[in-house]
Amino acid sequence: MALRYELIDALKRLLKGRGMTYAQLAAKIDLSEASVKRMFSQQTMTLARLEEICEALGIGLTELVEHARPEREPLSELSDEQEEELVSDPRLFLTLYLALNRWREEDVLRRYSFTKPEWIGLLVRLDRMGIIELQPDNRAKLLTARNFRWRENGPVMRLFAKKLIPEFFARPFAGENEQILLLAGMVSRPTGQLLKQRLKELAHEFDALMARDSVLPVAERVGLSLVLGVRPWGLPDFEKFRRKNDATPA
(Lines give C-alpha, C1' and ligand atoms only; values in the text may rest on other atoms or scores of the structure.)
Protein backbone atom coordinates (compact mmCIF):
# COMPACT_ATOMS: atom_id res chain seq x y z
CA MET A 1 0.00 0.00 0.00
CA ALA A 2 1.40 3.40 -0.93
CA LEU A 3 2.21 5.82 1.89
CA ARG A 4 -0.57 8.18 0.77
CA TYR A 5 -3.22 5.51 1.36
CA GLU A 6 -1.68 4.57 4.71
CA LEU A 7 -1.79 8.21 5.82
CA ILE A 8 -5.45 8.58 4.84
CA ASP A 9 -6.36 5.34 6.59
CA ALA A 10 -4.54 6.61 9.69
CA LEU A 11 -6.58 9.84 9.55
CA LYS A 12 -9.79 7.80 9.42
CA ARG A 13 -8.72 5.85 12.52
CA LEU A 14 -7.79 9.05 14.37
CA LEU A 15 -11.12 10.70 13.52
CA LYS A 16 -13.01 7.64 14.73
CA GLY A 17 -10.90 7.39 17.88
CA ARG A 18 -11.60 11.01 18.78
CA GLY A 19 -15.27 10.81 17.94
CA MET A 20 -14.99 13.52 15.30
CA THR A 21 -17.46 13.30 12.39
CA TYR A 22 -16.82 14.38 8.81
CA ALA A 23 -19.20 17.28 9.41
CA GLN A 24 -17.20 18.48 12.41
CA LEU A 25 -13.94 18.17 10.49
CA ALA A 26 -15.46 20.03 7.53
CA ALA A 27 -16.31 22.96 9.79
CA LYS A 28 -12.75 23.11 11.13
CA ILE A 29 -11.08 23.18 7.69
CA ASP A 30 -13.71 25.34 5.95
CA LEU A 31 -15.05 22.71 3.52
CA SER A 32 -18.47 21.17 2.95
CA GLU A 33 -19.19 17.78 4.49
CA ALA A 34 -19.70 16.36 0.97
CA SER A 35 -16.23 17.57 -0.08
CA VAL A 36 -14.61 15.96 2.95
CA LYS A 37 -16.41 12.66 2.33
CA ARG A 38 -15.37 12.72 -1.32
CA MET A 39 -11.78 13.50 -0.40
CA PHE A 40 -11.59 10.48 1.92
CA SER A 41 -13.51 8.09 -0.34
CA GLN A 42 -11.43 8.93 -3.42
CA GLN A 43 -8.25 9.10 -1.32
CA THR A 44 -7.14 12.32 -3.01
CA MET A 45 -5.55 14.77 -0.65
CA THR A 46 -2.83 17.41 -1.10
CA LEU A 47 -0.03 17.88 1.40
CA ALA A 48 -1.50 21.25 2.36
CA ARG A 49 -4.85 19.59 3.08
CA LEU A 50 -3.15 16.87 5.12
CA GLU A 51 -1.52 19.58 7.24
CA GLU A 52 -4.88 21.33 7.75
CA ILE A 53 -6.51 18.10 8.93
CA CYS A 54 -3.57 17.32 11.21
CA GLU A 55 -3.90 20.79 12.73
CA ALA A 56 -7.62 20.18 13.28
CA LEU A 57 -6.75 16.94 15.07
CA GLY A 58 -3.99 18.59 17.08
CA ILE A 59 -1.16 16.46 15.71
CA GLY A 60 1.83 16.99 13.43
CA LEU A 61 2.67 15.19 10.19
CA THR A 62 5.43 13.21 11.93
CA GLU A 63 2.94 11.86 14.45
CA LEU A 64 0.55 10.98 11.62
CA VAL A 65 3.27 8.96 9.88
CA GLU A 66 3.90 7.08 13.13
CA HIS A 67 0.19 6.23 13.31
CA ALA A 68 0.23 5.19 9.64
CA ARG A 69 3.15 2.80 9.96
CA PRO A 70 3.06 1.15 13.36
CA GLU A 71 5.42 -1.70 14.15
CA ARG A 72 4.24 -4.75 12.27
CA GLU A 73 5.13 -8.41 12.28
CA PRO A 74 7.90 -9.26 9.81
CA LEU A 75 6.65 -11.02 6.69
CA SER A 76 7.29 -14.76 6.86
CA GLU A 77 5.90 -15.10 3.34
CA LEU A 78 4.38 -12.92 0.63
CA SER A 79 0.86 -12.98 -0.79
CA ASP A 80 0.05 -14.71 -4.07
CA GLU A 81 -0.38 -11.28 -5.68
CA GLN A 82 3.02 -10.07 -4.48
CA GLU A 83 4.78 -13.22 -5.72
CA GLU A 84 2.94 -12.99 -9.06
CA GLU A 85 4.18 -9.43 -9.54
CA LEU A 86 7.75 -10.53 -8.84
CA VAL A 87 7.55 -13.46 -11.25
CA SER A 88 6.12 -11.25 -14.00
CA ASP A 89 9.05 -8.82 -13.85
CA PRO A 90 12.58 -10.33 -13.60
CA ARG A 91 14.06 -6.89 -12.88
CA LEU A 92 11.82 -6.51 -9.83
CA PHE A 93 12.63 -10.06 -8.71
CA LEU A 94 16.36 -9.32 -9.00
CA THR A 95 15.91 -6.10 -7.02
CA LEU A 96 14.30 -8.01 -4.16
CA TYR A 97 17.09 -10.61 -4.25
CA LEU A 98 19.71 -7.85 -4.01
CA ALA A 99 17.82 -6.09 -1.23
CA LEU A 100 17.46 -9.34 0.74
CA ASN A 101 21.22 -9.80 0.44
CA ARG A 102 21.86 -6.19 1.50
CA TRP A 103 23.60 -4.93 -1.61
CA ARG A 104 24.64 -1.30 -1.54
CA GLU A 105 23.47 0.96 -4.35
CA GLU A 106 27.00 1.56 -5.66
CA ASP A 107 27.62 -2.20 -5.90
CA VAL A 108 24.33 -2.73 -7.76
CA LEU A 109 25.03 -0.01 -10.31
CA ARG A 110 28.57 -1.29 -10.84
CA ARG A 111 27.55 -4.94 -11.33
CA TYR A 112 24.19 -4.59 -13.12
CA SER A 113 22.91 -2.52 -16.05
CA PHE A 114 20.37 -0.52 -14.02
CA THR A 115 20.50 3.26 -14.24
CA LYS A 116 20.12 5.03 -10.91
CA PRO A 117 16.54 6.19 -11.70
CA GLU A 118 15.60 2.61 -12.73
CA TRP A 119 17.06 1.19 -9.51
CA ILE A 120 15.23 3.75 -7.35
CA GLY A 121 11.99 3.12 -9.26
CA LEU A 122 12.24 -0.62 -8.57
CA LEU A 123 12.89 0.00 -4.89
CA VAL A 124 9.84 2.30 -4.80
CA ARG A 125 7.74 -0.53 -6.25
CA LEU A 126 8.94 -2.92 -3.52
CA ASP A 127 8.12 -0.24 -0.95
CA ARG A 128 4.59 0.14 -2.32
CA MET A 129 4.20 -3.64 -2.26
CA GLY A 130 5.02 -3.57 1.47
CA ILE A 131 8.12 -5.78 1.15
CA ILE A 132 10.71 -3.12 2.00
CA GLU A 133 10.66 0.35 3.49
CA LEU A 134 12.64 2.79 1.36
CA GLN A 135 14.78 4.99 3.57
CA PRO A 136 17.11 7.98 2.97
CA ASP A 137 20.02 7.45 0.52
CA ASN A 138 17.94 4.74 -1.19
CA ARG A 139 18.57 2.22 1.57
CA ALA A 140 16.08 -0.64 1.81
CA LYS A 141 14.81 -1.66 5.24
CA LEU A 142 13.57 -5.23 4.91
CA LEU A 143 10.08 -5.98 6.20
CA THR A 144 10.63 -9.72 5.80
CA ALA A 145 11.44 -12.14 8.61
CA ARG A 146 14.88 -13.75 8.73
CA ASN A 147 13.28 -17.16 8.06
CA PHE A 148 11.34 -15.75 5.08
CA ARG A 149 10.08 -18.49 2.73
CA TRP A 150 8.29 -18.61 -0.63
CA ARG A 151 4.69 -19.83 -0.57
CA GLU A 152 4.17 -23.56 -0.99
CA ASN A 153 2.97 -24.09 -4.57
CA GLY A 154 2.89 -20.31 -5.01
CA PRO A 155 3.94 -18.41 -8.14
CA VAL A 156 7.65 -18.43 -7.24
CA MET A 157 7.80 -22.13 -6.38
CA ARG A 158 5.89 -22.94 -9.59
CA LEU A 159 8.51 -20.96 -11.51
CA PHE A 160 11.25 -22.91 -9.74
CA ALA A 161 9.62 -26.25 -10.56
CA LYS A 162 8.96 -25.39 -14.21
CA LYS A 163 12.15 -23.60 -15.20
CA LEU A 164 14.75 -22.95 -12.52
CA ILE A 165 15.14 -26.44 -11.02
CA PRO A 166 15.76 -28.11 -14.43
CA GLU A 167 18.38 -25.42 -15.16
CA PHE A 168 19.85 -25.88 -11.67
CA PHE A 169 20.58 -29.56 -12.35
CA ALA A 170 21.54 -29.15 -16.01
CA ARG A 171 25.32 -29.12 -15.47
CA PRO A 172 27.75 -31.06 -13.26
CA PHE A 173 28.36 -29.98 -9.66
CA ALA A 174 32.13 -29.85 -10.02
CA GLY A 175 33.14 -26.26 -9.17
CA GLU A 176 34.13 -24.55 -5.96
CA ASN A 177 31.23 -24.38 -3.45
CA GLU A 178 29.36 -27.05 -5.47
CA GLN A 179 28.32 -30.51 -4.35
CA ILE A 180 25.44 -32.87 -4.90
CA LEU A 181 24.51 -35.99 -2.95
CA LEU A 182 21.91 -38.48 -4.10
CA LEU A 183 20.86 -40.85 -1.33
CA ALA A 184 18.10 -43.43 -1.51
CA GLY A 185 16.93 -46.08 0.90
CA MET A 186 13.99 -47.45 2.84
CA VAL A 187 13.18 -46.07 6.31
CA SER A 188 10.33 -46.13 8.82
CA ARG A 189 7.71 -43.39 8.95
CA PRO A 190 9.17 -41.90 12.18
CA THR A 191 12.61 -41.78 10.54
CA GLY A 192 11.06 -40.05 7.53
CA GLN A 193 9.63 -37.37 9.85
CA LEU A 194 13.02 -37.03 11.56
CA LEU A 195 14.72 -36.42 8.21
CA LYS A 196 12.20 -33.68 7.40
CA GLN A 197 12.99 -32.01 10.73
CA ARG A 198 16.72 -32.22 10.03
CA LEU A 199 16.19 -30.48 6.69
CA LYS A 200 14.34 -27.66 8.46
CA GLU A 201 17.21 -27.33 10.93
CA LEU A 202 19.71 -27.12 8.08
CA ALA A 203 17.59 -24.40 6.44
CA HIS A 204 17.65 -22.41 9.71
CA GLU A 205 21.43 -22.80 9.88
CA PHE A 206 21.72 -21.54 6.29
CA ASP A 207 19.68 -18.45 7.29
CA ALA A 208 21.92 -17.84 10.30
CA LEU A 209 25.10 -18.11 8.23
CA MET A 210 23.73 -15.68 5.63
CA ALA A 211 22.82 -13.22 8.39
CA ARG A 212 26.34 -13.50 9.83
CA ASP A 213 27.98 -12.82 6.45
CA SER A 214 25.57 -10.06 5.38
CA VAL A 215 27.85 -7.39 6.90
CA LEU A 216 30.73 -8.36 4.58
CA PRO A 217 31.37 -6.45 1.33
CA VAL A 218 29.74 -7.90 -1.79
CA ALA A 219 33.19 -8.76 -3.21
CA GLU A 220 33.76 -11.17 -0.31
CA ARG A 221 30.49 -13.06 -0.80
CA VAL A 222 29.24 -15.54 -3.39
CA GLY A 223 25.62 -16.24 -4.26
CA LEU A 224 24.70 -19.81 -3.33
CA SER A 225 21.44 -21.67 -3.89
CA LEU A 226 20.68 -24.63 -1.63
CA VAL A 227 17.97 -27.08 -2.68
CA LEU A 228 16.65 -29.35 0.07
CA GLY A 229 14.08 -32.02 -0.57
CA VAL A 230 12.94 -35.45 0.49
CA ARG A 231 10.05 -37.53 -0.84
CA PRO A 232 9.03 -41.13 -1.55
CA TRP A 233 10.49 -41.67 -5.01
CA GLY A 234 12.19 -44.31 -7.13
CA LEU A 235 13.74 -44.34 -10.58
CA PRO A 236 10.96 -44.31 -13.20
CA ASP A 237 12.70 -47.17 -15.03
CA PHE A 238 12.11 -49.36 -11.97
CA GLU A 239 8.36 -48.84 -12.08
CA LYS A 240 7.83 -50.87 -15.25
CA PHE A 241 8.83 -54.00 -13.32
CA ARG A 242 6.25 -53.45 -10.56
CA ARG A 243 3.16 -55.64 -10.41
CA LYS A 244 0.09 -53.50 -11.08
CA ASN A 245 -1.68 -54.58 -7.87
CA ASP A 246 1.34 -53.90 -5.61
CA ALA A 247 0.94 -50.82 -3.36
CA THR A 248 4.13 -51.29 -1.34
CA PRO A 249 6.26 -48.12 -1.22
CA ALA A 250 9.37 -48.25 -3.42
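The values are calculated or read from the model by the stated rules, or taken from the named source; none is laboratory data. For clarity, every value in this text was computed on a predicted model and none was experimentally measured. Methodologically, a virtual Cβ is constructed for each residue, glycine included, from the backbone with ideal geometry; neighbour enumeration extends over all protein chains shown.
Before moving on, here are some points about what is shown:
- Some residue of the stretch 193-213 being within 27 Å of the chain's Cα centre (by Cα), aromatic (Phe, Trp, Tyr) and closer than 30 Å to LEU98 by Cβ: yes
- Qualifying residue in the stretch 83-93 (condition: hydroxyl-bearing (Ser, Thr, Tyr) and closer than 22 Å to LEU159 by Cα): yes
- Applying the condition of being of a type in the set (Gly, Ala, Ser) and in a loop (DSSP other than H, G, I, E, B) to the stretch 14-53 and asking which residue is modelled with the lowest pLDDT yields GLY19.
- The stretch 208-238, residues that are in contact (Cβ under 8 Å) with a residue 12 or more places away in the chain and of a type in the set (Lys, Arg): ARG221
- Filter result for the condition that a residue is out of contact with any helix residue (DSSP H, G or I) (no Cβ under 6 Å at 6 or more places or on another chain), more than 24 Å from LEU78 (Cβ to Cβ) and of a type in the set (Ser, Thr, Tyr), over SER188, SER214: SER188
- Looking only at the stretch 209-250, and only at residues there that are of a type in the set (Asp, Glu) and either modelled with pLDDT under 85 or surrounded by 10 or more Cβ atoms within 10 Å (Cβ to Cβ) (or both), the one that is nearest to ARG146 (Cα to Cα): ASP213
- Residue match in the stretch 19-33 (condition: out of contact with any helix residue (DSSP H, G or I) (no Cβ under 9 Å at 6 or more places or on another chain) and closer than 17 Å to GLU6 by Cβ): no
- One residue from ASP80, ASP107 being in contact with a Gly (Cβ under 8 Å, 6 or more places away or on another chain) and surrounded by fewer than 16 Cβ atoms within 10 Å (Cβ to Cβ): ASP80
- Within the stretch 186-208, considering residues that are of a type in the set (S, T, N, Q) and closer than 25 Å to ILE165 by Cα, the one surrounded by the most Cβ atoms within 10 Å (Cβ to Cβ): GLN193
- Residue check, LEU78 among the aliphatic types (A, V, I, L, M), part of a loop (DSSP other than H, G, I, E, B), closer than 24 Å to GLU133 by Cβ and under 27 Å from the mean Cα position of the chain (by Cα): yes
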